[in-house]
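The values are calculated or read from the model by the stated rules, or taken from the named source; none is laboratory data. What you see is a predicted model, and the numbers here were worked out from it, not measured in a lab. In this analysis, Cβ positions are derived from the backbone assuming ideal geometry, glycine residues included, and neighbour counts consider all displayed protein chains. Areas reflect the complete protein model, heavy atoms only, side chains present, ligands, DNA and RNA absent. Shrake-Rupley method; radii C 1.70, N 1.55, O 1.52, S 1.80 Å.
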Amino acid sequence: MSRTLFTFNGGVHPDGHKTESNGTPIRAMPLLSRYVVPMRQHIGAPARPVVAVGDAVLRGQTLGAAEGYVSTAVHAPTSGRVIAIEPCAAPHPSGLFDLAVVIEADGLDQSIAFEPLDWRALDPSALRNRIREMGLAGLGGAVFPSYIKLNPGAQKIHTLILNGAECEPWITCDDRLMRERAPELVRGIEIMRHALGSATILIGIEDNKPEALAAMRAAAPSDMEVVAIPTLYPGGGGKQLTYTLTGVETPTGGRSTDVGIQVFNVGTAYSLYRAVELGEPLISRIVTITGHVSNPGNFEVRVGTPLSDLVTAAGGMLPGASGEIVGGPMMGFDLMDSAAPVTKAVNCLIIKNSKLFPGKPIELPCIRCGACAKACPADLQPFEMYWYSRAKNFGRAQSYNLFDCIECGCCAYVCPSHIPLVDYFRFAKSEIWEREREKSGADQARIRHDFKTFRLEREKREKAEKFAKAAEKTKAAASNPSEASAAVDPDAEKKKAILQAALERAQKAKESVAPRNTEDLPPRVQREIDEIEARRAAVETKTESTE
Amino acid sequence: MFSAILVMAAIGLVLGGILGWASIKYRVEDDPLVEKVDAILPQTQCGQCGFPGCKPYAEAIAKGEADINLCPPGGDDGVKRLAELLGVEAKPLGEGMEPKPKSVAVIDENTCIGCTLCIQACPVDAIVGAAKQMHVIVASQCTGCELCLPPCPVDCISMQVIKEDVVNWKWRYPIHMMKRVA
């Protein structure tokens with residue numbers, strides 16, 4: 001069962017430095033007294049805290065609920081009490097603080113009742129909802145919520161790829177996981193297959209991990225193929241691994257799902273097994289601590305463990321340590337604050353010293369040698385993107401497909417002028433994002449301003465019309481009361497009718513009441529009245545004739 | 001020779017006719033200049049340029065009645081882009097004009113008397129409230145134009161600079177070590 005492998009263009013061979021940490025089994029961390037659990041541990045919207053300061057929590061209890069579609073839940077790593085919900089140091093290149101729930105552990109480590117799921121009997125949609133509540137996110141580094149990736153949608157996912165390449169130097173957490181927990185990992189893959197309905201399952205592992213390959217081959221059933229891929233950085237990049245295994249290129253700006261392929265990290269598969277078969281939410285992961293520490297290796301670390309405590313567990317830094325890198329040396333970033341906790345995204349902590357990681361050499365002018373273009377695994381032209389990024393001509397940089405750059409660092413690695421190309425690309429990307437944000441904000445403001453102007457004009461017009469109508473009415477009423485009122489007011493007829501009816505009623509009432517002292521008068525009184533009437537008549541005719 | 005001239009003239013007429021017809025039939029409506037200028041302006045509607053909003057300023061620029069360096073929220077970058085669009089030299093912002101850090105207005109809820117004056121002043125309808133009811137600013141829609149500040153009779157609106165957080169944080173421009181060598 002030999003599979004034809006494809007070789008992507010470019011790539012580099014940095015020193016592996018795997019043996020420092022892959023020789024010892026995964027160790028458990030001692031229970032700590034304090035955990036800092038950030039609400040933003042995944043791509044998308046941060047979780048919304050559902051606990052309050054002072055609440056008692058149990059291990060596995062939900063601390064933050066998924067908010068919005070691209071989001072997932074966050075859980076308590078141990079039992080204890082919530083002592084704060086506030087911005088805390090976070091493992092982020094900026095060193096900025098981010099909202100976190102701080103837990104003071106009670107040392108009992110009591111857990112909620114974990115409910116294992118009978119996933120084979122469960123509808124994939126119900127399973128995905130459960131996975132969302134379990135806080136699963138991709139543990140390879142991108143931390144995209146897994147429940148979304150497990151939704152094939154309209155696209156048919158014919159191939160499921162498990163990424164065990166672990167191409168970054170120094171990192172060995174996936175290696176140790178595959179060696180020690182292959183059977184559980186494979187059960188996690190089966191859950192993925194159930195959700196996606198994929199026919200082909202490929203597990204890609206770089207050939208510098210023979211023990212992991214052997215363990216996975218022993219554990220995998222016959223319908224899963226464990227493939228040894230050549231060791232070449234960045235062979236574990238999603239698009240590169242897809243190409244190596246299947247020869248299918250991911251379209252620019254697209255995802256591998258566009259070509260019917262889904263890629264998961266092996267660590268995600270293992271956590272999925274724990275979440276579904278054991279009912280335990282994602283509250284721990286394997287983290288490599290290596291470099292200039294006395295006792296490097298891999299630890300099973302609870303999410304929320306301050307990185308300084310991880311260093312202590314590994315025996316502490318050796319004298320001469322010059323800093324820490326979160327992630328690998330190629331794509332990771334310098335840690336600003338060692339109080340920052342382990343999150344779902346943190347797979348490795350490297351302690352630097354000046355020998356292993358000499359300071360950045362002085363940047364020299366680009367000599368246009370083209371080495372970066374040859375090394376680029378995404379088939380880009382880094383030197384062009386560099387020119388335009390440096391000149392802050394972001395439109396042109398983008399026209400060279402800047403956003404297809406995976407920031408693997410191969411170009412900067414090979415650059416003979418030591419230009420930190422990736423730093424320029426990251427700068428350009430975040431500037432472009434900022435502009436996009438500003439532009440959409442400006443567009444909204446324009447729409448709202450236009451509407452306000454329109455609204456004010458409409459109100460003015462309506463008011464003017466109303467006044468004009470009223471004025472017309474009074475004018476018309478003055479010249480021709482009956483017609484004007486009839487023409488202007490549709491209610492006039494009705495009002496008139498009501499008025500008429502009232503008048504008639506009054507008339508009738510008047511008629512029905514007969515004057516009592518005008519009938520059956522004595523002849524003397526009648527004669528007096530007749531005389532008066534005759535006089536009045538005479539006066540009236542007289543005045544009429546004079547007029 | 002005469003027939004040749006006739007033939008050429010006829011061909012010319014036919015082709016000219018086709019081209020003329022096509023230019024009318026397949027005419028691409030180009031964005032008028034005003035729209036293009038307006039697209040560059042930041043839409044704060046703040047009136048700092050001396051025009052009652054971004055669109056009137058854009059119209060004035062398009063007519064050549066206003067200078068391109070009168071928009072402080074757009075900053076030097078905005079001036080540069082306007083200069084590029086119009087094919088003129090970029091210049092520094094007008095005198096006394098300085099871009100301020102991006103801010104949003106915040107109403108002090110304890111002081112607000114509910115007079116609705118700020119609601120009328122807001123160019124983008126980003127303030128919610130009613131007479132004798134407390135007003136509140138929809139921060140996501142606020143352009144930071146400061147037009148609500150002067151009408152407030154109790155001075156309960158203040159501008160707060162938008163803080164950098166993990167979401168809006170940007171990678172910095174890489175420092176040039178070259179300069180140190182030189």
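Could you tell me which of the residues A:Q444, A:Q398 is part of a helix (DSSP H, G or I) and either more than 14 Å from chain B (Cβ to nearest Cβ) or open to solvent by less than 30 Å² (accessible area, probe 1.4 Å) (or both)? Show your work before the answer.
Values: A:Q444 fails: either more than 14 Å from chain B (Cβ to nearest Cβ) or open to solvent by less than 30 Å² (accessible area, probe 1.4 Å) (or both).
Being part of a helix (DSSP H, G or I) and either more than 14 Å from chain B (Cβ to nearest Cβ) or open to solvent by less than 30 Å² (accessible area, probe 1.4 Å) (or both) holds for just one of A:Q444, A:Q398, which is A:Q398.
Name the single residue that is surrounded by the most Cβ atoms within 10 Å (Cβ to Cβ) among those in region A:83-108 being more than 14 Å from chain B (Cβ to nearest Cβ) and assigned to a loop (DSSP other than H, G, I, E, B).
Across region A:83-108, the extreme among qualifying residues is A:D106.
Which numbered condition in (1) closer than 24 Å to A:A28 by Cα; (2) open to solvent by 20 Å² or more (accessible area, probe 1.4 Å) is the only one that A:G80 fails?
(2)
Please enumerate the residues belonging to region A:359-390 that are open to solvent by 70 Å² or more (accessible area, probe 1.4 Å), within 14 Å of another protein chain (Cβ to nearest Cβ) and either of a type in the set (D, E) or more than 15 Å from A:K429 (Cβ to Cβ) (or both). Let's see the steps before the verdict.
Here is the first cut: in region A:359-390, the residues open to solvent by 70 Å² or more (accessible area, probe 1.4 Å) are A:360, A:362, A:364-365, A:367-368, A:374, A:379, A:381, A:387, A:390.
Of the ones still in play, those that are also within 14 Å of another protein chain (Cβ to nearest Cβ) are A:360, A:362, A:364-365, A:367, A:387, A:390.
Once the filter is applied, which keeps residues that are open to solvent by 70 Å² or more (accessible area, probe 1.4 Å), within 14 Å of another protein chain (Cβ to nearest Cβ) and either of a type in the set (D, E) or more than 15 Å from A:K429 (Cβ to Cβ) (or both), region A:359-390 yields A:K360, A:I362, A:L364, A:P365, A:I367, A:W387.
It is to be established whether one or more residues within region A:173-188 are surrounded by fewer than 24 Cβ atoms within 10 Å (Cβ to Cβ) and more than 30 Å from A:A121 (Cβ to Cβ).
yes
Assess whether B:V161 counts as being touching a strand residue (DSSP E or B) at 6+ places or on another chain (Cβ under 6 Å), at the interface with chain A (Cβ under 10 Å from one of its Cβ atoms) and closer than 28 Å to A:P38 by Cβ.
When the stated conditions are applied, B:V161 does not pass them.
Could you pull out the residue among B:E146, B:E84 that is within 11 Å of chain A (Cβ to nearest Cβ) and either buried (at least 17 other Cβ atoms within 10 Å of the Cβ) or not in a loop (DSSP other than H, G, I, E, B) (or both)?
None of the others qualify; the one that does is B:E84.
Looking only at region A:385-398, decide whether some residue is under 18 Å from A:H292 (Cα atoms) and out of contact with any Leu (no Cβ under 9 Å at 6 or more places or on another chain).
no
Conditions first: (1) open to solvent by 30 Å² or more (accessible area, probe 1.4 Å); (2) within 14 Å of chain A (Cβ to nearest Cβ); (3) within 30 Å of A:A391 (Cβ to Cβ). B:A139 passes all but one, so which condition is the exception?
It fails just one condition, (3).
Identify all residues within region A:1-54 that are open to solvent by 50 Å² or more (accessible area, probe 1.4 Å) and part of a helix (DSSP H, G or I); write none if there are none.
Residues satisfying the conditions are A:T19, A:E20.
Out of A:L162, A:L139, report the one residue that is assigned to a loop (DSSP other than H, G, I, E, B), buried (at least 16 other Cβ atoms within 10 Å of the Cβ) and more than 14 Å from chain B (Cβ to nearest Cβ). Steps first, answer last, please.
Details: A:L162 fails: assigned to a loop (DSSP other than H, G, I, E, B).
Unique residue meeting the criteria: A:L139.
List every residue pair whose Cβ atoms sit under 6 Å apart, with the two residues 6 or more apart in sequence or on different chains, where the first one lies in region A:118-134 and is farther than 25 Å from A:P46 by Cβ and the second, anywhere, is open to solvent by less than 30 Å² (accessible area, probe 1.4 Å).
Close Cβ pairs satisfying both conditions: A:W119/A:L127; A:W119/A:I191; A:W119/A:V276; A:P124/A:A195.
Pick from region B:43-81 the residues that are assigned to a loop (DSSP other than H, G, I, E, B) and at positive phi: which of them is nearest to the chain's Cα centre (by Cα)? Explain how you work it out, then say what you get.
The first filter runs over region B:43-81 and keeps only residues assigned to a loop (DSSP other than H, G, I, E, B), leaving B:43-53, B:64-74.
Okay, now just the ones that are also at positive phi, so B:43, B:45, B:47, B:50, B:53, B:64.
Working: B:Q43: 4, B:Q45: 8, B:G47: 11, B:G50: 14, B:G53: 9, B:G64: 17 Å.
Result: B:Q43.
Hey, can you tell me all the residues within region B:14-45 that are among the hydrophobic types (A, V, I, L, M, F, W, C) and open to solvent by 20 Å² or more (accessible area, probe 1.4 Å)?
Residues satisfying the conditions are B:V14, B:L15, B:I18, B:L19, B:W21, B:A22, B:I24, B:V28, B:L33, B:V34, B:A39, B:I40.
Within region B:49-71, take every residue that is closer than 24 Å to B:Q120 by Cα and surrounded by 20 or more Cβ atoms within 10 Å (Cβ to Cβ) and give me the one that is farthest from the other protein chains (Cβ to nearest Cβ).
B:C49
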